[in-house]
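A.B. asks: Below: one structure in structure tokens.
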Amino acid sequence: ASAFSGQLTAPPSANIFKPISRKRPFLVIGANPRDGFGIMGQSFLKEINLFKMKNLLFFILICVTCFILFQPMFNFYPMISQGDHGRDFYAFDRVTHGDKPYADFWWNYGPLMPYYYGFFHHFFGPSLSGILLGKFILITLGCLLIFFTLSSIIPAAIAFISAIWYLMNYNDFFYTFNHLGGVVAILGIICCLHRFIHHQKTFFLYISLLL
């Protein structure tokens, strides 16, 4: 007992720094390493894993839905224009032989899409199916960009519905395969700018400037 009445001091051998209970919902610096990040850290990691699993699930659903809805068009494409589509096919074929747009043949759009579709033209042969596969990939990419842009501000299920709405109501430029690339580029810019605003990482800003 101490000299002051009514006060007791702990024995010298007693440990006055008792470990904080694991039930406390905050992180503790210097706590037992076996406690990991604490209750709050564990719940935060669970939320991140759940968010990633939801995004992965909807990613797969979007890809499967796009394939199911677009699959009949691999063997049948009802809208062929002899002028514009013929020019597109000609440009896709020329780039596979090493020719350059503007210099070796006439092309009135940006230089990227002839090389993009030329890749499918080269590996799948001079057929419409290969070009439609490239178009299918662009449409699917547009749906995914819409989903990833909206999923950070609205529930993932609503973002998924919005992406499918884009797929079902997309008004295609039927007379050329070029313009779909521009639509996807705009969606990519919007997605990157949104990520830059929310995460303040200049990487997304550089990507949007590149697009």
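A.B. asks: Determine the share of the stretch 81-211's accessible area contributed by carbon and sulfur atoms, expressed in whole percent, with a 1.4 angstrom probe.
C.D. replies: On the way: 5020 of 7150 Å².
On the stretch 81-211, the fraction of accessible area on carbon and sulfur atoms equals 70 percent.
A.B. asks: Which whole-number percent is the relative contact order of the stretch 55-211 (Cα, under 8 Å, 6+ apart)? Provide the component values of the computation, followed by the final result.
C.D. replies: Working: 148 pairs, mean separation 38.0, N = 157.
After rounding, I find 24 percent.
A.B. asks: Counting only heavy atoms of the protein chains, get the accessible area per residue of the stretch 66-211 (1.4 Å probe) and round it to a whole Å² value.
C.D. replies: Working: 8260 Å² over 146 residues.
Per residue, the stretch 66-211 has an accessible area of 57 Å².
A.B. asks: Net charge around F173, counting only other residues with Cβ within less than 14 Å of its Cβ (Lys, Arg = +1; Asp, Glu = -1)? Could the numbers behind the result be given before it?
C.D. replies: On the way: positive: R87, K135; negative: D84, D88, D172.
Taking every Cβ under 14 Å from that of F173, the sum is -1.
A.B. asks: Cβ under 13 Å from Y90's Cβ, Y90 left aside: what net charge do those residues give with Lys, Arg +1 and Asp, Glu -1?
C.D. replies: On the way: positive: R87, R94; negative: D84, D88, D93, D99, D104.
Spelling it out: positives minus negatives among the neighbours equals -3.
The values are calculated or read from the model by the stated rules, or taken from the named source; none is laboratory data. Being a predicted model, the structure only gives us computed values, none of them experimental. Glycine gets a Cβ as well: all are built from the backbone with ideal geometry, and neighbour counts include every protein chain shown. Accessible surface areas use protein heavy atoms only, side chains included; no ligands, DNA or RNA. Shrake-Rupley method; radii C 1.70, N 1.55, O 1.52, S 1.80 Å.
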